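Below you'll find the structure, written out as structure tokens, and then a few comments.
The values are calculated or read from the model by the stated rules, or taken from the named source; none is laboratory data. Since we're looking at a predicted model, the values are computed, not measured. Cβ placement follows ideal geometry from the backbone for every residue including glycine, while neighbour counts extend to all protein chains displayed.
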Amino acid sequence: TRSTRPQRLLKAVQKNATRGDPQSVISAIDHFCRHSEWAMNIGDEKVVNELNPEKVLELGTYCGYSTVRIARLLPPGARLITLEFNGDYAAIARQVIAWAGLEDKVQLVEGASEDWIPRMKEHFGIETFDLVFLDHWKDRYLPDTKLMEDCGLLRKGTVLLADNVICPGVPDYLQYVRNSLSYKSCYFKSHLEYTKAEDGLEKSVFLG
Ligand code: SAM
Ligand code: MG
């Protein structure tokens with residue numbers, strides 16, 4: 001049977017990237033997505049560089065591209081938990097993350113965000129997150145944000161970074177973070193990964 005796109009992406013990493021070199025893994029994936037097949041990674045245009053977060057949550061791992069981009073910049077001792085409910089994608093991502101040599105910094109958790117967010121405290125000993133990257137299915141951005149609030153996972157200063165707020169778009173989420181007094185929110189214009197279509201990130205700081 002024909003291989004899947006994530007399997008072909010992993011092959012490109014294994015063929016073209018150096019083990020233990022996150023930048024080469026990122027470059028190999030970018031090259032594959034630009035020249036072979038588009039894939040829903042955050043891409044090489046949007047920059048994710050919140051200063052020195054210690055505890056990071058990523059919603060939506062896919063093949064682990066953004067996981068590698070974020071984890072490689074983390075200070076020693078910092079931890080990134082990434083959630084993915086598709087077992088096939090999670091299996092690929094695990095290998096991509098290991099290829100980049102980042103398995104010590106990254107905990108990939110298989111399952112749905114709505115099931116795992118309420119278990120972060122008891123299961124992973126997380127008090128609050130410093131940075132949350134939202135990049136899973138777009139109808140979950142708003143309910144999962146409210147769930148994180150209810151579970152006490154956000155502190156004053158926690159940064160929510162939401163991808164693809166224009167394309168495909170998350171109008172209910174934007175309406176919420178832009179109008180709520182609990183957030184200071186701003187938009188960073190960019191483009192949909194590997195295309196010229198307008199898209200952007202919304203950065204929302206929780207004010208407590
Ligand atoms: N962050 C990745 C990157 O930039 O490289 C891309 C993530 S992709 C756009 C979205 C992923 O979220 C898919 O792999 C999908 O299976 C996963 N997903 C969607 N809804 C989810 C949920 N509620 N819980 C866990 N994973 C979810
Ligand atoms: Mg995205």
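Scanning segment 67-77 finds no residues that are within 16 Å of ligand 2 (Cβ to nearest atom), out of contact with any Ser or Thr (no Cβ under 7 Å at 6 or more places or on another chain), within 24 Å of GLU114 (Cα to Cα) and in a loop (DSSP other than H, G, I, E, B). Say we look at segment 153-189 and pick out the residues that are in contact (Cβ under 8 Å) with a residue 40 or more places away in the chain and crowded, with 18+ Cβ neighbours inside 10 Å; which of these is nearest to TRP38 (Cα to Cα)? Per the stated criteria, the residue is ASP163.
Tallying residues that are surrounded by 18 or more Cβ atoms within 10 Å (Cβ to Cβ), more than 9 Å from ligand 1 (Cβ to nearest atom), over 15 Å from LEU134 (Cβ atoms) and at pLDDT below 95 within segment 41-70 yields 0.
Can we say GLY125 is away from ligand 2 (no atom under 16 Å from the Cβ) and at positive phi? Here the answer is yes, as GLY125 does meet what is asked. Per the conditions (1) within 27 Å of ASP199 (Cβ to Cβ); (2) exposed (fewer than 14 other Cβ atoms within 10 Å of the Cβ); (3) not charged (D, E, K, R), the sole criterion not satisfied by HIS123 is (1). Applying the set (1) over 15 Å from the mean Cα position of the chain (by Cα); (2) closer than 28 Å to THR18 by Cβ; (3) crowded, with 18+ Cβ neighbours inside 10 Å to GLU103 leaves exactly one unmet item: (3).
How many of the residues in segment 120-146 are of a type in the set (D, E, K, R) and within 13 Å of ligand 1 (Cβ to nearest atom)? The total comes to 5. Screening CYS151 with (1) under 17 Å from the mean Cα position of the chain (by Cα); (2) within 27 Å of ASN52 (Cβ to Cβ) gives one miss only, at (1).
Of the listed requirements (1) touching a residue at least 12 places away in the same chain (Cβ under 8 Å); (2) out of contact with any Pro (no Cβ under 9 Å at 6 or more places or on another chain); (3) surrounded by fewer than 17 Cβ atoms within 10 Å (Cβ to Cβ); (4) under 30 Å from GLY169 (Cβ atoms), SER27 misses just one: (1). Every test in (1) surrounded by fewer than 16 Cβ atoms within 10 Å (Cβ to Cβ); (2) assigned to a loop (DSSP other than H, G, I, E, B); (3) of a type in the set (S, T, N, Q); (4) within 15 Å of ligand 1 (Cβ to nearest atom) is passed by GLN7 save one, and that test is (2). Annotation: ILE92 fulfils all but one of (1) in contact (Cβ under 8 Å) with a residue 40 or more places away in the chain; (2) assigned to a helix (DSSP H, G or I); (3) surrounded by fewer than 19 Cβ atoms within 10 Å (Cβ to Cβ); (4) of a type in the set (A, V, I, L, M); the unmet one is (3).
Each residue in segment 78-100 was checked for being more than 14 Å from the chain's Cα centre (by Cα), more than 16 Å from ligand 2 (Cβ to nearest atom) and within 22 Å of MET148 (Cα to Cα), and 1 pass. If you go through segment 156-194 and keep only what is within 14 Å of ligand 1 (Cβ to nearest atom) and part of a loop (DSSP other than H, G, I, E, B), you end up with ASP163, ASN164, VAL170, LEU192, GLU193, TYR194.
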